[in-house]
1. Name the pairs: first residue in the range 57-79 and buried (at least 24 other Cβ atoms within 10 Å of the Cβ), second residue among the basic types (K, R) and not in a helix (DSSP H, G or I), Cβ to Cβ under 8 Å, at least 6 apart or on different chains?
2. With respect to the numbered conditions (1) out of contact with any His (no Cβ under 8 Å at 6 or more places or on another chain); (2) of a type in the set (S, T, Y); (3) not in a loop (DSSP other than H, G, I, E, B), which one is the sole condition not fulfilled by T319?
3. Can you name the residue in the range 164-218 that is in contact with a Phe, Trp or Tyr (Cβ under 8 Å, 6 or more places away or on another chain) and charged (D, E, K, R) and, of all such residues, is nearest to M57 (Cα to Cα)?
4. I'd like to verify a number: residues in the range 123-164 that are out of contact with any helix residue (DSSP H, G or I) (no Cβ under 9 Å at 6 or more places or on another chain) and among the basic types (K, R), how many?
5. Within 22 Å of S94 (Cβ to Cβ) and surrounded by 22 or more Cβ atoms within 10 Å (Cβ to Cβ), is that true of L322?
6. Which pairs turn up if I take residues in the range 163-180 that are closer than 17 Å to A76 by Cα and look for partners that are of a type in the set (F, W, Y) and modelled with pLDDT of 95 or more with beta carbon separation below 6 Å, at least 6 apart in sequence or on another chain?
7. Out of T340, T312, I need the residue that is at pLDDT below 90 and touching a His at 6+ places or on another chain (Cβ under 6 Å). Which one?
8. Which of the following residues is touching a Cys at 6+ places or on another chain (Cβ under 8 Å) and not aliphatic (A, V, I, L, M): G277, G234, G193, G215?
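The values are calculated or read from the model by the stated rules, or taken from the named source; none is laboratory data. As the structure is a prediction and not an experimental result, all values here were calculated from the model. Heads up, the Cβs are rebuilt from the backbone with ideal geometry, glycines too, and the neighbour counts pull from every protein chain shown. Remember, those area values only see protein heavy atoms, side chains included, never the ligands or the DNA or RNA. Shrake-Rupley method; radii C 1.70, N 1.55, O 1.52, S 1.80 Å.
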Amino acid sequence: MPTTSRSRIVLATTAALASLTAAAHALPQTTETATHAEPSAEPLAGLRVLLSNDDSMQAAKASHADGLGLYEMRKALCAAGADVVVMAPWQVQSGKGTAVTNGGALTLARRTRLPAGYENDCTGAPSGSPVYGVCLSDDACGAGTPSATPADTVKFALRSGLAAKAGWADGPDVVVTGINSGPNVSAQVNDSGTVGAAVAAIDDGVPALAFSSSGDSTNTDFPVANYRANAEFGTRLLAGMRERSLLTGKFAVKVDYPDVSTGRRAKAPLWTDVGHGKVVWHDYAARRGSGDTFDIVPGVCADRPGDSCTETVRRADSTALLSGHVAVAPVTADRTYGATVDGGKNLRKLKHYVEHDAPRP
């Protein structure tokens, strides 16, 4: 991908949050009040944004689990002045992590009829703000056509797609992944296609943020109110990071937003670590008779002391989210144990911003 002198930003963002016992984990305190300058009407003016996700661009399910969060983020980014191009998986690709496709062909399908209520969100954008689904096919994308993975869509967009379809020869300034249906915290971060898409961006040296929203109390429906609140907060967070030159391609920034659909307001953002416990897990014990077929059954962790589900990280993202905070955590593609990125300089600056100067929900 060609280099650019512009600052590049990537926003990125599977499993539904189950009940966690967090009483044993102390949460760090943050300053709830901060003095902020009057925000600009268009704080993201001139910013080019690639928007992707792992939930697809379909937004057809009543549960809002197949891409409605993407349209809420698109709406908020455009309202802040950004120029947004969507390239997202054709079908739901939740849980695909950083998976890529090694052969065949990718085909773009431009969506000409957007979901009701989102048709005019990006009117006047220089790119025309197209919405594309990316499928695995050498022909047109159909109802049953296999989908590109989240990482596929970002790699393709950065290395070829945006230049061909939007004329962005030097790439985007921003890539946003999400908003995901359900949080991406603790051990599930490794499975997350939302985070995987963000990792694909930083693999190419592009800064990235991944956004995810909690579902309702049943963990099966994903209210528009949660997506909307996350998109509004995320847009202001991005604007602040841009203003303070805190965007970097060294690591991605993961943002998980709590359930606010009952009217409870989200608490201040906390700088967290990716936890080691489990929120959900995959059980393969359900064997069909005496044959060689085993059902895949997602299980909900009870978070019992001593078992593998229990969270042991003090500043865990899952613990903060359960307590009603916005959980912000850095994610790096370097999985080397104990690795420090850039000597921690950028991390320290961003941590200070999140804890003291970042927008409050």
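1. Taking only residues 6 or more apart or on different chains, the pairs are M57/R111.
2. All conditions are met except number (1).
3. K165
4. Of the residues in that region, 1 qualify.
5. Working: within 22 Å of S94 (Cβ to Cβ): yes; surrounded by 22 or more Cβ atoms within 10 Å (Cβ to Cβ): yes.
Taking the combined requirement at face value, the residue satisfies it.
6. Sorted first by the residue in the range 163-180, then by its partner, the pairs are G178/F211; I179/F211; I179/Y227.
7. On the way: T340 fails: touching a His at 6+ places or on another chain (Cβ under 6 Å).
Result of the check over T340, T312: T312.
8. G277
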